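Worksheet for the structure shown next.
The values are calculated or read from the model by the stated rules, or taken from the named source; none is laboratory data. As the structure is a prediction and not an experimental result, all values here were calculated from the model. Ideal geometry is used to build each Cβ from the backbone, glycine not excepted, and the neighbour counts take in all protein chains shown.
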Amino acid sequence: MVLTEIDSQKFKDMVRAATHRMSKNSEFVNKLNVFPVPDGDTGTNMTLTIESGAKAVNENNSQVVGDLTEGLAKGMLMGARGNSGVITSQLFRGFYKSTTGKATLSAQDLADAFSNGVATAYKAVMKPVEGTILTVARVGAEEGKNKAAETEDVAEVMKAVVAGARKALKSTPDLLPVLKQVGVVDSGGQGLVFIYQGFLEGLLGEKDDAYQLDENEMDELINAAHHQAEAAQVQLSTSDISNGYCTEIMVDLEADVPNKQEFNLEEFRQHLSKIGDSLLAVSDGEVAKVHVHTEHPGEVFTYGSKFGELGKIKIDNMRIQHETIVENNEEKEEAVDFAVIAVASGNGIRELFKSEGVNRIISGGQTMNPSTQDIIDAIKKSGASKAIVLPNNGNIVMAAKQAAEVSDIPVGIVPTKTISQGLTAMLSFDPDASVEENVETMSEDLDAVVSGEVTRAIRDTEINNVQIKKNDYLGIIDGDISVDNPDLVAATVEMVEKMLDEDSEIITLMYGSDATESQAQAVVDQLEQKHDDLEFEIHDGGQPVYYFLVSVE
């Protein structure tokens, strides 16, 4: 039977089925995501995006398909989340623009709508990358256009779109090296294939097994090692994330605000592109939606507020999010009788703690303090009968003590205020001793560790008689800012010199995600010229915020 048009009821069926298909496979898509960052929420974001559009469609009683596509596009824009969610909303904004006023959609109308969606989405992305959702959408639309030239059957056109999208999806690892590196297809592209498959199901009124992904095919999209690890994100380092905060805002362009400026989308995009990456800034004239990865979310808010009233602000710390994914993957470890739980950020630092006997890591640190509940959860998940917690930050000690007070098992808190103190404390841990004995012995040598941290100043100021200039490197010794220098290596060398005394023997240098091993070696080379009696160790800590963490013992 030839289906020559899509009426309003058929279109509603398509949207409902697509929403169900995306929601059902949301977690699978989450596990694929490694581009542009290994954050693991693409499936969730795309599901929330299409659910928002579906709600608008379901509440619309119009018999005109063009009215429904407008509702779908508006709803998806308002609910768009994440990089792939915003791009998906633009695909359907173009779809709506192509179908405006159409009571029903013919095969050619459907093909044209997909093609216009692709054109709109490509325009929305400042630097389109092939091997992503854009490629999947483009090839799917091309196949649909070709089929529309041969037939008036809308179902055949939709089948061609799905087939083209699936073909493109399988090619994404060949176009994007990071996908091939971990053996996955693009997560956003996979999400779009699920949406298109849902469209086909809704159009046919039944499942078409020829276009469904079964479990075996899902397994094929992930290589053996990756599938064993369950999530692609665990194969990449948190240091791969250069701009750590996924920042989203919606600007009501029609709202009156003081000193309101005239909105120009292209100028808006150009300005935001200087603040971060993975930028998507879109607008329908009434609202502007922004998604950007940045180190400075506040600058995004300040700029957006010049053009209207801000709404639906969202910030996700993607470094913490990624480490949580890694952490959850590690929860399969066997339970131990006596657990040691440490708070840390940075894959290298995590590995250092594990090598010294820590059983469980809680992601966190200076920029993200875990809550009392986070610590309680870690204690419970350890399955241990007793535990020691290393807070490794002065701001976390109180939360750790509160967790110990309400824990169902004996828990001791070693009041470590730095990563260096935590690593030193582990040297005294004895699994055969009691909680109280371990707390006492592990705490004894904390004062003998001098801890240094190198970070960057965000403003001009003066602290402890140190003149600080914005973007200079700061050397912080046991919590006090002691050094300001525009050169990273020089600042670190100067800080270490101030940390030394006549009893110093070992200097451990951990470089973070924004520093390099060669910079760490340059620091050591300069220090060795003056201190040939000292022993130096260099480790890739991978920590955010701090270029170097240094301990002197």
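Go through segment 516-545 and give me each residue that's in contact with a Phe, Trp or Tyr (Cβ under 9 Å, 6 or more places away or on another chain) and without any contact (Cβ under 8 Å) to a residue 40 or more places away in the chain. Step through it out loud before you land on a result.
Let us first name the residues in segment 516-545 that are in contact with a Phe, Trp or Tyr (Cβ under 9 Å, 6 or more places away or on another chain), namely 517, 519-520, 523-524, 527-528, 538-543.
If the condition is that a residue be in contact with a Phe, Trp or Tyr (Cβ under 9 Å, 6 or more places away or on another chain) and without any contact (Cβ under 8 Å) to a residue 40 or more places away in the chain, then GLU517, GLN519, ALA520, VAL523, VAL524, LEU527, GLU528, ILE538 are the ones that fit.
Just checking, which of LEU72, LEU3, LEU68, LEU110 is touching a residue at least 12 places away in the same chain (Cβ under 8 Å), outside the structural domain of LEU176 (by TED's automatic domain parsing) and either crowded, with 20+ Cβ neighbours inside 10 Å or part of a loop (DSSP other than H, G, I, E, B) (or both)?
On the way: LEU72 fails: outside the structural domain of LEU176 (by TED's automatic domain parsing); LEU68 fails: outside the structural domain of LEU176 (by TED's automatic domain parsing); LEU110 fails: outside the structural domain of LEU176 (by TED's automatic domain parsing).
Step by step, each of LEU72, LEU3, LEU68, LEU110 is checked, and only LEU3 is touching a residue at least 12 places away in the same chain (Cβ under 8 Å), outside the structural domain of LEU176 (by TED's automatic domain parsing) and either crowded, with 20+ Cβ neighbours inside 10 Å or part of a loop (DSSP other than H, G, I, E, B) (or both).
Condition first: touching a Phe, Trp or Tyr at 6+ places or on another chain (Cβ under 6 Å) and at pLDDT below 90. Now tell me which residues in segment 25-67 satisfy that. Working first, answer last.
Here is the first cut: in segment 25-67, the residues touching a Phe, Trp or Tyr at 6+ places or on another chain (Cβ under 6 Å) are 25, 65.
ASN25 - this is the single residue of segment 25-67 that is touching a Phe, Trp or Tyr at 6+ places or on another chain (Cβ under 6 Å) and at pLDDT below 90.
Looking for something surrounded by fewer than 17 Cβ atoms within 10 Å (Cβ to Cβ) and over 21 Å from ARG456 (Cα atoms) - is there at least one such residue anywhere in segment 490-499?
Scanning segment 490-499 turns up no residue that is surrounded by fewer than 17 Cβ atoms within 10 Å (Cβ to Cβ) and over 21 Å from ARG456 (Cα atoms).
Do you know which residues across segment 94-107 are surrounded by fewer than 19 Cβ atoms within 10 Å (Cβ to Cβ) and part of a helix (DSSP H, G or I)?
LYS97
So the check is Cβ under 6 Å with 6+ separation or different chains; which pairs have a first residue in segment 413-433 that's on the phi > 0 side of the Ramachandran plot and without any contact (Cβ under 8 Å) to a residue 40 or more places away in the chain and a second one that's surrounded by 21 or more Cβ atoms within 10 Å (Cβ to Cβ) and of a type in the set (Val, Ile, Thr)?
none
Would you be able to tell me the number of residues in segment 491-506 that are over 12 Å from PHE548 (Cα atoms) and among the aliphatic types (A, V, I, L, M)? If you could, list the steps in order and put the result at the bottom.
Filtering segment 491-506 for residues over 12 Å from PHE548 (Cα atoms) gives 494, 497-506.
Cutting the leftovers down to among the aliphatic types (A, V, I, L, M) gives us 499-500, 506.
Final tally of qualifying residues: 3.
Quick check on segment 74-102: of everything there that is at pLDDT 90 or above and touching an Asp or Glu at 6+ places or on another chain (Cβ under 8 Å), which residue is nearest to GLN190 (Cα to Cα)?
Once the filter is applied, the top-ranked residue is ARG93.
Give segment 369-379 a look and list any residue that's crowded, with 17+ Cβ neighbours inside 10 Å and either assigned by TED's automatic domain parsing to the domain that holds TYR511 or in a loop (DSSP other than H, G, I, E, B) (or both), or say none. First the steps, then the outcome.
Just the residues of segment 369-379 that are crowded, with 17+ Cβ neighbours inside 10 Å, to begin with: 370, 372, 374-376, 378-379.
PRO370, the sole residue that qualifies.
Sort out which residues of segment 300-317 are among the charged types (D, E, K, R) and either surrounded by fewer than 17 Cβ atoms within 10 Å (Cβ to Cβ) or farther than 22 Å from VAL545 by Cβ (or both), and write them in order of number.
First pass over segment 300-317, keeping only residues among the charged types (D, E, K, R): 306, 309, 312, 314, 316.
Residues satisfying the conditions are LYS306, GLU309, LYS312, LYS314.
Out of ASP277, ASP256, report the one residue that is acidic (Asp, Glu), assigned to a strand (DSSP E or B), surrounded by fewer than 18 Cβ atoms within 10 Å (Cβ to Cβ) and at pLDDT 75 or above. So that I can check it myself, show each step before the final result.
Numbers: ASP256 fails: assigned to a strand (DSSP E or B).
Checking each option against the conditions leaves just ASP277.
Mind checking which residues of segment 440-498 are closer than 19 Å to GLY541 by Cα and of a type in the set (Lys, Arg)?
Kept after step one, since they are closer than 19 Å to GLY541 by Cα, are these residues of segment 440-498: 449-456, 473-478, 488-489, 491-493, 495-496.
Selection gives ARG456 alone.
Conditions: (1) within 30 Å of GLN270 (Cα to Cα); (2) modelled with pLDDT of 85 or more; (3) in contact with a strand residue (DSSP E or B) (Cβ under 6 Å, 6 or more places away or on another chain). VAL139 meets all but one. Number of the miss?
The one condition VAL139 does not meet is (3).
Just name the residue that is farthest from VAL389 (Cα to Cα) out of those in segment 422-436 that are loosely packed, with under 13 Cβ neighbours inside 10 Å and out of contact with any helix residue (DSSP H, G or I) (no Cβ under 8 Å at 6 or more places or on another chain). Write out each step before concluding.
Within segment 422-436, the subset loosely packed, with under 13 Cβ neighbours inside 10 Å is 427, 430, 432, 436.
Narrowing the set further to residues that are out of contact with any helix residue (DSSP H, G or I) (no Cβ under 8 Å at 6 or more places or on another chain) leaves 427, 432, 436.
Values: LEU427: 14, ASP432: 16, GLU436: 12 Å.
My answer is ASP432.
Mind telling me which of the residues VAL185, VAL129 ends up being in contact with a helix residue (DSSP H, G or I) (Cβ under 8 Å, 6 or more places away or on another chain), over 21 Å from VAL64 (Cβ atoms) and hydrophobic (A, V, I, L, M, F, W, C)? Don't jump to the end; show me each part of the working.
On the way: VAL129 fails: in contact with a helix residue (DSSP H, G or I) (Cβ under 8 Å, 6 or more places away or on another chain).
Going through VAL185, VAL129 in turn, just one is in contact with a helix residue (DSSP H, G or I) (Cβ under 8 Å, 6 or more places away or on another chain), over 21 Å from VAL64 (Cβ atoms) and hydrophobic (A, V, I, L, M, F, W, C): VAL185.
Looking for whichever is in contact (Cβ under 8 Å) with a residue 12 or more places away in the chain, surrounded by fewer than 24 Cβ atoms within 10 Å (Cβ to Cβ), of a type outside the set (Phe, Trp, Tyr) and not in a helix (DSSP H, G or I) here; the options are GLU142, GLU152. Which one fits?
Details: GLU142 fails: not in a helix (DSSP H, G or I).
Step by step, each of GLU142, GLU152 is checked, and only GLU152 is in contact (Cβ under 8 Å) with a residue 12 or more places away in the chain, surrounded by fewer than 24 Cβ atoms within 10 Å (Cβ to Cβ), of a type outside the set (Phe, Trp, Tyr) and not in a helix (DSSP H, G or I).
Just a yes or no: is a residue in segment 318-341 modelled with pLDDT of 90 or more, hydrophobic (A, V, I, L, M, F, W, C), in a strand (DSSP E or B) and in contact with a helix residue (DSSP H, G or I) (Cβ under 6 Å, 6 or more places away or on another chain)? Full working, then the answer.
Taking segment 318-341 and keeping what is modelled with pLDDT of 90 or more, we get 338-341.
Now drop any that are not hydrophobic (A, V, I, L, M, F, W, C), which leaves 338-341.
When the remaining residues are screened for being in a strand (DSSP E or B), the result is 338-341.
Now narrow it down to the ones that are in contact with a helix residue (DSSP H, G or I) (Cβ under 6 Å, 6 or more places away or on another chain): 339, 341.
Yes, segment 318-341 contains a residue that is modelled with pLDDT of 90 or more, hydrophobic (A, V, I, L, M, F, W, C), in a strand (DSSP E or B) and in contact with a helix residue (DSSP H, G or I) (Cβ under 6 Å, 6 or more places away or on another chain).
I need the full set of residues from segment 380-413 which are part of a loop (DSSP other than H, G, I, E, B) and of a type in the set (Asp, Glu), in order please.
ASP408
Inspect segment 185-192 for any residue being within 22 Å of the chain's Cα centre (by Cα), under 21 Å from ARG93 (Cβ atoms) and of a type in the set (A, V, I, L, M, F, W, C) and give the result as yes or no.
Within segment 185-192, one or more residues are within 22 Å of the chain's Cα centre (by Cα), under 21 Å from ARG93 (Cβ atoms) and of a type in the set (A, V, I, L, M, F, W, C).
Sort out which residues of segment 437-475 are over 30 Å from ILE413 (Cβ atoms), touching a helix residue (DSSP H, G or I) at 6+ places or on another chain (Cβ under 9 Å) and not in a loop (DSSP other than H, G, I, E, B), and write them in order of number.
Start the filter on segment 437-475 by keeping residues that are over 30 Å from ILE413 (Cβ atoms), which leaves 456-462, 465-473.
Remaining after also requiring touching a helix residue (DSSP H, G or I) at 6+ places or on another chain (Cβ under 9 Å): 456, 472-473.
Across segment 437-475, the qualifying residues are ARG456, TYR473.
Would you check which residues across segment 500-527 are over 36 Å from the mean Cα position of the chain (by Cα), of a type outside the set (S, T, N, Q) and surrounded by 15 or more Cβ atoms within 10 Å (Cβ to Cβ) and list them?
Selection gives LEU500, LEU527.
Starting from residues that are without any contact (Cβ under 8 Å) to a residue 24 or more places away in the chain and surrounded by 14 or more Cβ atoms within 10 Å (Cβ to Cβ), keep the ones in segment 437-450 and report whichever is nearest to ASP501 (Cα to Cα). I'd like the intermediate steps shown before the answer.
Taking segment 437-450 as the starting set, the residues that turn out to be without any contact (Cβ under 8 Å) to a residue 24 or more places away in the chain are 437, 440-441, 444-445, 447.
Those left that are additionally surrounded by 14 or more Cβ atoms within 10 Å (Cβ to Cβ): 440-441, 445.
Values: GLU440: 26, THR441: 24, ASP445: 16 Å.
So, considering only residues that are without any contact (Cβ under 8 Å) to a residue 24 or more places away in the chain and surrounded by 14 or more Cβ atoms within 10 Å (Cβ to Cβ), the one nearest to ASP501 (Cα to Cα) is ASP445.
If we keep just the residues of segment 113-135 that are β-branched (Val, Ile, Thr) and surrounded by 19 or more Cβ atoms within 10 Å (Cβ to Cβ), which is farthest from GLN63 (Cα to Cα)? It would help to see each step written out before you state the result.
Filtering segment 113-135 for residues β-branched (Val, Ile, Thr) gives 118, 120, 125, 129, 132-133, 135.
Filter once more, keeping what is surrounded by 19 or more Cβ atoms within 10 Å (Cβ to Cβ): 118, 120, 125, 132-133, 135.
Details: VAL118: 26, THR120: 26, VAL125: 33, THR132: 35, ILE133: 31, THR135: 33 Å.
Per the stated criteria, the residue is THR132.
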